[in-house]
Number of protein chains: 2
Amino acid sequence: MKYTQLFGKTLRNVHHGVKSQGFAFLLRGGFVRTHGHGLYSYLPLGNRVVRNLKQIIREEMERLDGQEVNVPLVNPIEMWQKSGRDRLVGSDMVRFKDRTDRNMVLAPSHEEAFVDLVRVGLRSYRDLPAFLYQFQTKYRDEERIRNGLIRTKEFLMKDAYSFHRSASDLNNFFPKVFGAYQRIFQRCGLNVLPAESGVGYMGGQKAYEFMIPCSIGEDIMVECPNCGYRANKSVAMGLKDFHTGTPQEMEAVETPNCTSMEDLAEFMGLEKHQLAKTMIFKTMNGLVMAVVRGDHEVSREKLTRYLGEPVLEKADQREVETLGFVPGYLSPIGVNGTIPLVVDGTVAKSTNLVVGANKEGVHLKNANFGRDFESVNVADISMIKPENKCLQCGSPLQEVRALELGNIFKLDDFYSRSMGLYFQEESGKKVYPFMGSYGIGIGRLMGAIAEQLHDKRGLLWASRIATFCFFLMGIGKSDSVRQKVDRIYAQFSTDTLLDDRKESPGVKFQDAELLGIPYRIVLSAKRNSEDTVEFYNRYSRQSRLVHIDDVETTMKRILESDDLPTQGA
Amino acid sequence: MKYTQLFGKTLRNVHHGVKSQGFAFLLRGGFVRTHGHGLYSYLPLGNRVVRNLKQIIREEMERLDGQEVNVPLVNPIEMWQKSGRDRLVGSDMVRFKDRTDRNMVLAPSHEEAFVDLVRVGLRSYRDLPAFLYQFQTKYRDEERIRNGLIRTKEFLMKDAYSFHRSASDLNNFFPKVFGAYQRIFQRCGLNVLPAESGVGYMGGQKAYEFMIPCSIGEDIMVECPNCGYRANKSVAMGLKDFHTGTPQEMEAVETPNCTSMEDLAEFMGLEKHQLAKTMIFKTMNGLVMAVVRGDHEVSREKLTRYLGEPVLEKADQREVETLGFVPGYLSPIGVNGTIPLVVDGTVAKSTNLVVGANKEGVHLKNANFGRDFESVNVADISMIKPENKCLQCGSPLQEVRALELGNIFKLDDFYSRSMGLYFQEESGKKVYPFMGSYGIGIGRLMGAIAEQLHDKRGLLWASRIATFCFFLMGIGKSDSVRQKVDRIYAQFSTDTLLDDRKESPGVKFQDAELLGIPYRIVLSAKRNSEDTVEFYNRYSRQSRLVHIDDVETTMKRILESDDLPTQGA
């Protein structure tokens, strides 16, 4: 392509509000433009990157016998009522009434639609496993839009779903997708770190995220530098400290206006770890009470995993009061099965905690689990703290800001059971398929590559992803140089951006670096001799001279290679 | 691919409600499945066809230097308010409020978004022309869903937009897209007929549709078999008859309950062509009155074209009464500039018509244009009738039921002016780009090909569109046959569907025909000798034997060819 014909030219500057350096380069290079309101357009250069990313993903999906399909973006709400997720997903999901007053949604993910597809697409459990994927526009009405392409409302996503006859078949398949994801990111030049994560509103039991450490990341990843344990902070495990002593007699204390752990600790003259924090959350099947130590936070993701059903927001005051509980002074004592009670392991092991008395302005001192309150549900439901050590090897854990680039979920039979998808064996036994779900946001991936792989001059794309492999230009007014440039361009026009502008070589060099095209090819009667051509490698920033007769062979060889940039940022 | 691994197997029967034979084959073959409510999923086979169609379209767009981009599906309503189209598009357009209470829409087309894109993508009028296209999901909340893929709510569309410095540049470019469209359909094996059409809610002045005569079509196309004139009935022109006589004196007549042309004609004992029909319509800028002869229908598309602004629905009774008009007895007499009055040419040329008296239960006899009522707006605003003759050559016109497969619009500066998109020349003069808009629905195209190109056995895809080029199978238990089959498959797996089922040859033959794979390759020790292979051509239904040593060359030659099916349906 000729640069003068390209829609979307480079800009010298971008708007001051842009924090992500990678995104600033994408804007300056003419890859994307914003319409405001978290809506972006992809210009021809951006579209070429998207096409290349899709091709890599497609190859890796098909390597696992993935088959490409397409399900509708718009779903009737009934689908979501069947799975129960209409109650799990909040304002992220756009809901509207169609002209016949039916309730429809813009599906933020497509587990339901794929369950429906498998229902009509397969005839027997013998047809399992099935691995299906699509590229599809998603719209999630996110609360916060951030860092350009990293978090947008509308985005293109590769979502994939697998269906299996048994848990063990899913378990055997899952690592293959794990591997495919690692290869995809590797081929993009990214070093991703897989980490355990929460399941959010997807359901199921187990999930992994593929993370890159990144200052504009939205997650905190916990990792053990010694043994390699790695997890999202929301589910990370660690060795927690305990404080025990001789159980004392329980007694009531007046604690006016002590509804926060800070206030209570100060008022009582105690450390926060000597207190217990009691909270009530909503789930799809009612309320649940959780107790953690005063110096801990409840991990909703851990609680979700323990309960096997998604934990939603905190119950509101009215709901709490209706059940006879006193907000601010909640107590695990006297619950007696009114609602399920889950107690964090550290609470169960502590002695003489201060808990609410379920009475306005009163707490109870010296409460002891097993003596004053009980529950069969003792589990790790609290977030770890920076000082906690690795559960596997005892080394100090580290917190790293990270960006999630893809995630994979083991959904088990959550959807097939709730949506009644089953196949009958000869024996009459119903087989509810086990399911996995696997997503990568294409726009975010592009944004992350830009953020991770750039230097101060501009972007650094892996050769398989770059818009063009070659940036071609001639210097000077020599007719013979121009003819040679034209001849090279004619032969490699698909993979070459010919800078045919009437600009100085300096401006062109600058734009070539900004766009991150892997090879810059310069012909110049002055700089080189007439019959040598300069090849400049964007990654190594090294130049070499190639004889004009060898240019074709050199370019062909480069096209066949799969060069990855050295990490720039 | 191996058939046993394919997601979505063939069905023997489909639901009785399916009227389109082509769609029935698509369902039976496992190309698509329905979720109900006008929502469809594309299975792997359907997805392959879509991919191939996109590739053909992409090639033709890039031949015209079209550049692929992507704009958001969701638009803020402000964009549509700027162009004024928020008032033009009715319930087809889904509107919703986002979480911050902003009004958003699922854009049914993307003229506004592309105007916005050009605003941020171009810096000077010197960068014009620009030709941009995208493939994007659209959602139109259509009133009627019909004939499978022909009219669905959600569909994939190729939409393209061109921007020009002048009307003449647009006029020069427009025929090139016209040609590209003809090539696209030709390469799909379809003989499309371009026809003039109305502009609907797109705005602009001139539009063409690409039609195929088809029993499940939704349009009536008028054509002249002699001179080739062709237009959608809504805008077709024809030689109309006139009835003139000596003007008589106008007089009032009591006409109780005569609010329809039928009742009035019967009551007066006259032919309908002796009456005038007066109607009031809404436009974006207020109401307009239209008068046609009693035996004609108003063509809203012609009225739109004449006014240069879209004509919406009929005004409602209250609006009419507010202006002092009497519904059912509307009259062009005495309008005197209250609202614009457009008179059909046949009315202007007729004598002694019966018109309403603008008084309940009263009409006026012997009304004559130029004497009793006047207007500067005399134009062809009525639909032609089957008996009308060609305006160009006088031959009898024919009406043909037809299906529209794509359309192209000359929008002129409708959007650039309303949305304030301009570039400044050195002289300071503002250049408002002239614009064209060009659409093809991919799902409908696939549905139309299935409908047009099939025989009683199944589908007939052009080789460039077919899911696979080869359907490969062995017959019998011979190991050496099986090995040969495997060897061929290993070499051509990308383009081959290997039927590895344990089914009878009859069932496999049947499915090969149903799926419309261009070449069936059969190896059989019994039918042929061990070293000959049968190639069966789906289009010609001819078989020939190829020596095993020549199979590779034959298959490669076929892959390089671009075979089109003979029209089957």
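Can you pull out every residue in region B:38-78 that is surrounded by fewer than 18 Cβ atoms within 10 Å (Cβ to Cβ) and of a type outside the set (D, E, K, R)? I'd like the intermediate steps shown before the answer.
First pass over region B:38-78, keeping only residues surrounded by fewer than 18 Cβ atoms within 10 Å (Cβ to Cβ): B:51, B:54-55, B:58-59, B:62-65, B:77-78.
Correct list: B:Gln55, B:Leu64, B:Ile77.
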(message) Among the numbered criteria (1) closer than 30 Å to A:Leu6 by Cβ; (2) of a type outside the set (A, V, I, L, M, F, W, C); (3) facing chain A (nearest Cβ under 9 Å); (4) open to solvent by 10 Å² or more (accessible area, probe 1.4 Å), which one does B:Tyr125 miss?
(response) (3)
(message) Just to be sure I understand the filter: pairs with C-beta atoms under 6 Å, separated by 6 or more residues or on different chains, first member in region B:151-180 and among the small types (Gly, Ala, Ser), second member modelled with pLDDT of 95 or more and not in a strand (DSSP E or B). Which pairs pass?
(response) B:Ser162/B:Phe173; B:Ala180/B:Glu60; B:Ala180/B:Leu64
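Listed here are the residues, each with its yes/no results for (1) hydrophobic (A, V, I, L, M, F, W, C); (2) in a loop (DSSP other than H, G, I, E, B); (3) modelled with pLDDT of 95 or more; (4) open to solvent by less than 20 Å² (accessible area, probe 1.4 Å).
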position: A:Ile384; (1), (2), (3), (4): yes, yes, no, yes
position: A:Gly428; (1), (2), (3), (4): no, yes, no, no
position: A:Ser437; (1), (2), (3), (4): no, no, yes, yes
position: A:Ile440; (1), (2), (3), (4): yes, no, yes, yes
(message) Just checking, does region A:102-125 include any residue being in contact with a Phe, Trp or Tyr (Cβ under 8 Å, 6 or more places away or on another chain), assigned to a helix (DSSP H, G or I) and without any contact (Cβ under 8 Å) to a residue 12 or more places away in the chain?
(response) yes
(request) Those residues that are in a strand (DSSP E or B) and closer than 23 Å to B:Thr494 by Cα, I need them from region B:42-68; list them, please. (result) B:Tyr42
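Specify which of the listed residues (B:Asn70, B:Asn52, B:Asn75) is at the interface with chain A (Cβ under 9 Å from one of its Cβ atoms), at negative phi and in contact (Cβ under 8 Å) with a residue 60 or more places away in the chain.
Working: B:Asn52 fails: at the interface with chain A (Cβ under 9 Å from one of its Cβ atoms); B:Asn75 fails: in contact (Cβ under 8 Å) with a residue 60 or more places away in the chain.
Exactly one residue qualifies, and that residue is B:Asn70.
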(request) Hey, can you tell me all the residues within region B:55-67 that are at the interface with chain A (Cβ under 9 Å from one of its Cβ atoms) and either in contact with a Leu (Cβ under 6 Å, 6 or more places away or on another chain) or among the small types (Gly, Ala, Ser) (or both)? (result) B:Gln67
(message) Given (1) under 16 Å from B:Leu264 (Cβ atoms); (2) touching a residue at least 40 places away in the same chain (Cβ under 8 Å), identify the lone condition not met by B:Glu360.
(response) (2)
(message) If a residue must be of a type outside the set (Phe, Trp, Tyr), open to solvent by 30 Å² or more (accessible area, probe 1.4 Å) and either within 14 Å of chain B (Cβ to nearest Cβ) or assigned to a strand (DSSP E or B) (or both), how many such residues does region A:155-195 contain?
(response) 2
(message) Need pairs with beta-carbon distance below 6 Å; first residue more than 7 Å from every other protein chain (Cβ to nearest Cβ) and in a strand (DSSP E or B) and within region A:130-141, second small (Gly, Ala, Ser) and open to solvent by 10 Å² or more (accessible area, probe 1.4 Å); sequence gap 6+ or separate chains.
(response) none
(request) Determine whether B:Val485 is aliphatic (A, V, I, L, M), more than 30 Å from B:Thr137 (Cβ to Cβ) and without any contact (Cβ under 8 Å) to a residue 40 or more places away in the chain. (result) yes
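Can you name the residue in region B:79-92 that is hydrophobic (A, V, I, L, M, F, W, C) and open to solvent by 10 Å² or more (accessible area, probe 1.4 Å) and, of all such residues, is farthest from the other protein chains (Cβ to nearest Cβ)? Give the steps one after another, and end with the answer.
Of the residues in region B:79-92, the ones hydrophobic (A, V, I, L, M, F, W, C) are B:79-80, B:88-89.
Checking the rest, the ones that are also open to solvent by 10 Å² or more (accessible area, probe 1.4 Å) come to B:79, B:88.
Details: B:Met79: 8, B:Leu88: 16 Å.
Taking the candidates together, the pick is B:Leu88.
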(request) Consider only pairs whose beta carbons are under 8 Å apart and that are at least six residues apart or on different chains; among these, list those whose first residue lies in region A:403-432 and is free of Cβ contacts under 8 Å to residues at least 24 places away in the same chain and more than 22 Å from A:Arg87 (Cβ to Cβ) and whose second residue is part of a strand (DSSP E or B) and open to solvent by 20 Å² or more (accessible area, probe 1.4 Å). (result) A:Tyr422/A:Lys430; A:Lys430/A:Gln424
(request) Please find, within region A:1-27, the residue that is farthest from the other protein chains (Cβ to nearest Cβ) out of those that are open to solvent by 50 Å² or more (accessible area, probe 1.4 Å) and part of a helix (DSSP H, G or I). (result) A:Gln21
(request) Select the strands (runs of 3 or more DSSP E) contained entirely in region B:200-239, then report the ones holding at least 2 residues which are open to solvent by 20 Å² or more (accessible area, probe 1.4 Å). (result) B:206-213, B:219-223
(message) Which condition from (1) more than 36 Å from the chain's Cα centre (by Cα); (2) among the hydrophobic types (A, V, I, L, M, F, W, C); (3) modelled with pLDDT under 95 is the one that B:Leu353 breaks?
(response) (3)
(message) Can you tell me how many residues within region A:94-113 are open to solvent by less than 10 Å² (accessible area, probe 1.4 Å) and more than 9 Å from chain B (Cβ to nearest Cβ)?
(response) 7
(request) Would you be able to tell me the number of residues in region B:22-43 that are over 26 Å from B:Glu503 (Cα atoms) and not hydroxyl-bearing (Ser, Thr, Tyr)? (result) 5
(request) Take region A:139-164 and flag every residue that is at pLDDT below 95 and basic (Lys, Arg). (result) A:Arg140, A:Arg144, A:Arg146, A:Arg151, A:Lys153
(request) Mind checking which strands (runs of 3 or more DSSP E) fall wholly inside region A:256-350 and carry at least 2 residues that are at pLDDT 95 or above? (result) A:276-283, A:286-293, A:341-344
(message) Going through A:Ser463, A:Ser480 one at a time, which residue ends up being surrounded by fewer than 21 Cβ atoms within 10 Å (Cβ to Cβ) and either in contact with a strand residue (DSSP E or B) (Cβ under 9 Å, 6 or more places away or on another chain) or touching a residue at least 40 places away in the same chain (Cβ under 8 Å) (or both)?
(response) A:Ser480
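For region B:538-558, how many residues meet the condition of being within 25 Å of B:Gly8 (Cα to Cα) and either of a type in the set (D, E, K, R) or more than 32 Å from the chain's Cα centre (by Cα) (or both)? Explain how you work it out, then say what you get.
Kept after step one, since they are within 25 Å of B:Gly8 (Cα to Cα), are these residues of region B:538-558: B:538-539.
Next, only the ones that are either of a type in the set (D, E, K, R) or more than 32 Å from the chain's Cα centre (by Cα) (or both) stay: B:538.
So the answer is 1.
The values are calculated or read from the model by the stated rules, or taken from the named source; none is laboratory data. Treat the numbers as computed from the prediction; the structure is a model and nothing was measured. Using ideal geometry, Cβ is built from the backbone for each residue, glycine included, and neighbour counts are taken over all protein chains shown. When the accessible area is computed, the model is the full protein with side chains, heavy atoms only, and any ligands, DNA or RNA have been set aside. Shrake-Rupley method; radii C 1.70, N 1.55, O 1.52, S 1.80 Å.
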